[in-house]
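Single-structure report; data block below.
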Amino acid sequence: MIAVIQRVSEASVTISNKEVSRISDGLLILLGIEEADNNEDIDWLTKKVANLRIFSDEEEKMNLSLLDIGGEVLVVSQFTLHALTKKGNRPSYIRAASPDVAIPLYEAFVKKMESFGRPVLTGEFGGDMKVGLVNDGPVTIIIDTKNKQ
């Protein structure tokens with residue numbers, strides 16, 4: 001599982017010119033799922049994301065987590081995070097999970113994020129979405145559950 005986590009002051013998803021989700025202070029999570037992912041990846045990643053200390057405290061130091069600030073979450077499925085670009089100029093998405101594998105894992109990720117007691121909104125799995133955001137900082141962190149560094 002690959003997650004691109006962006007600290008945002010606002011983020012939204014629009015589909016067919018209709019806004020379907022909007023959050024204020026919190027995290028936009030772009031989530032890429034591969035065939036090898038499982039519930040252990042979800043448990044590790046959701047705990048890591050919820051507790052990442054990337055929000056500013058009163059001294060403007062990144063010392064607070066999503067849970068500390070009472071932030072919101074917007075999760076958007078993005079299979080293109082698993083693009084392979086080694087050969088040629090057209091990315092291959094062979095590592096991205098098929099929908100029958102990815103959808104249940106995506107839904108389980110969202111449900112697990114909700115278990116931390118914060119609002120979690122989503123895009124539409126497989127939808128043609130327009131994602132808007134104001135990246136606060138900017139702060140963007142990439143986490144790969146297969147490369148826990």
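Quick notes on this structure:
- Residues of the stretch 36-66 with amide N under 18 Å of the 7 Å Cα→Cβ point at residue 25: 50-66
- Normalised contact order of the chain, rounded percent, pairs of Cα under 8 Å and 6 or more residues apart: 37 percent
- Label point of residue 15 set 7 angstrom out along Cα-Cβ; within the stretch 115-129, amide nitrogens under 13 Å from it belong to 122-129.
- On the principal axes of its alpha carbon atoms, the stretch 78-148 extends 44, 35, 30 Å, with the longest extent given first.
- When DSSP beta bridges are restricted to pairs lying wholly in the chain, around 75% turn out antiparallel.
- Between helix 99-114 and the chain there is an angle of about 10 degrees, using the helix long axis and the longest principal axis of the Cα atoms.
- Ligands, DNA and RNA left out, the 1.4 Å accessible surface of the stretch 75-149 is 53% carbon and sulfur atoms.
- C-alpha long axis of helix 39-51 to longest principal axis of the chain, angle in °: 30 degrees
- Over the chain, dividing the summed -39,500 (n - 2.57) contributions of all DSSP H runs of at least 4 residues by the number of residues returns a 222 nm mean residue ellipticity of -6500 deg cm²/dmol.
- Taking 7 Å steps out from each Cα toward its Cβ at residue 93 and residue 114 produces label points 2.6 nm apart.
The values are calculated or read from the model by the stated rules, or taken from the named source; none is laboratory data. Treat the numbers as computed from the prediction; the structure is a model and nothing was measured. All Cβ positions, glycine included, derive from the backbone under ideal geometry; neighbour counts span all protein chains shown. For the accessible areas, the whole protein counts, side chains as well, though only heavy atoms, and no ligand, DNA or RNA atoms are used. Shrake-Rupley method; radii C 1.70, N 1.55, O 1.52, S 1.80 Å.
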